[in-house]
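Read-outs throughout are calculated quantities, based only on the coordinates presented, and are distinct from any laboratory measurement. Note that this is a predicted model, so its numbers are computed, not measured. When we count neighbours, we look across all protein chains shown, and the Cβ atoms used for this are built from the backbone with ideal geometry, even at glycine.
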Amino acid sequence: MEKRDQLYEGKAKKVFATDDPEVVLVSYKDDATAFNGQKKGTILGKGAINNRVTNHLMRLLEHHGVPTHLVRELSERETLVRRVSIVPLEVIVRNVAAGSLSKRLGLAEGTPMQKTVLEFCYKDDALGDPMVNEYHIAAMRWATEAELDTICRYSLKVNQVLGDYLKDLNIQLIDFKLEFGRTADGTVILADEISPDTCRFWDTVTREKLDKDRFRRDLGGVEDAYQEIMKRLMGE
Ligand code: TMP
Ligand code: ASP
């Protein structure tokens, strides 16, 4: 497959066209941002780790019946994925209170919840990705009712599959963010990435944070945390 023009550059990835109109090439960067791009930095080796971790987890999800955009890993940092138009929503799945939910509701981080919580944010950097609900989504036609049903069902399935898998590796899945896309024929599939950038991973025993919160909050040991996740998931 031939790499062609760059289509898009985001905060953590670049996307290139290929000679197949249905397939694009994603290239993962070491750049890290937080707080809607206000904090900037580099996490050495992050691009390669996020590429490999994402593909590993997407293969696992495919195996459990969740369709994803993954086509084929090309190299350390590059992967071929199906071209989709992204549904302009970030889907947040929360098992334990942390981050912005802790702040909003005044709950200590680590507070267990009786039920998994789903939240939606409208993807718009200029607005700071505001939280919205299913009425906003229907009113603005960001997704149809059937699409949103599918998205919620897949999101809860991802939570179940990843939560069970990570538990055996002594990792607690606190929360994470997913994005979905539509293929040319309108099928909704899982897109974007699943990595320490987009999930909160806590060591089950020590409760140590093994994710991007180490960068967001200047906790140190950022690279080591990403390495540790890669090692537990892929044995290296
Ligand atoms: P939050 O607690 O800051 O709302 O984050 C919830 C989850 O979503 C957490 O696992 C980190 C992830 N996340 C992203 O992937 N991208 C983002 O831009 C934000 C704000 C959070
Ligand atoms: N990557 C996001 C940004 O820069 C936020 C985050 O992951 O905290 O806005």
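Quick notes
- Two-site label geometry, Thr144 and Ser100: point separation in nm, points 7 Å out along Cα→Cβ: 2.8 nm
- By other beta-carbon atoms within 10 Å, ranking Cys199, Cys152 with the fewest at the front produces Cys152, Cys199.
- For segment 70-175, fraction of C-alpha pairs farther apart than 24 Å, in %: 40 percent
- Going from the fewest other Cβ atoms within 10 Å to the most, the residues Leu156, Leu118, Leu57 appear in the order Leu156, Leu118, Leu57.
- Fewest-first ranking of Thr204, Thr198, using other Cβ atoms within 10 Å as the exposure measure: Thr204, Thr198
- In sequence order, calculated HN-Hα J values of segment 161-176 (Karplus, 6.51, -1.76, 1.60; Hz; x Gly/Pro): 5, 5, x, 5, 5, 6, 4, 5, 9, 6, 10, 9, 8, 6, 7, 6
- Segment 168-191 and segment 86-140: distance between their alpha carbon centers, rounded to Å: 15 Å
- For Asn133 and Asn36, a Förster radius of 22 Å and the Cβ-Cβ distance give a FRET efficiency of 0.60, rounded to the nearest 0.05.
- The HN-Hα couplings worked out from phi for segment 30-43 by the Karplus form 6.51 cos²θ - 1.76 cosθ + 1.60 (θ = phi - 60°) are 7, 5, 10, 10, 8, 6, 6, x, 6, 9, 10, x, 10, 10 Hz, whole numbers, x standing for Gly and Pro.
- From phi via Karplus (6.51, -1.76, 1.60), per-residue ³J(HN,Hα) for segment 2-14 in Hz, x at Gly/Pro: 9, 7, 10, 5, 6, 9, 6, 10, x, 6, 10, 8, 10
- Summary value for the chain: 17 percent relative contact order, contacts being C-alpha pairs under 8 angstrom separated by 6+ residues.
- Placing unit charges on the Cβ atoms only, positive for Lys and Arg and negative for Asp and Glu, gives the chain a dipole magnitude near 460 debye about its Cα centre.
- Kirkwood Rh and Cα Rg combined as Rg/Rh, the chain: 0.94
- For Leu89, residues with placed amide H under 5 Å, excluding near neighbours: Lys123, Phe180
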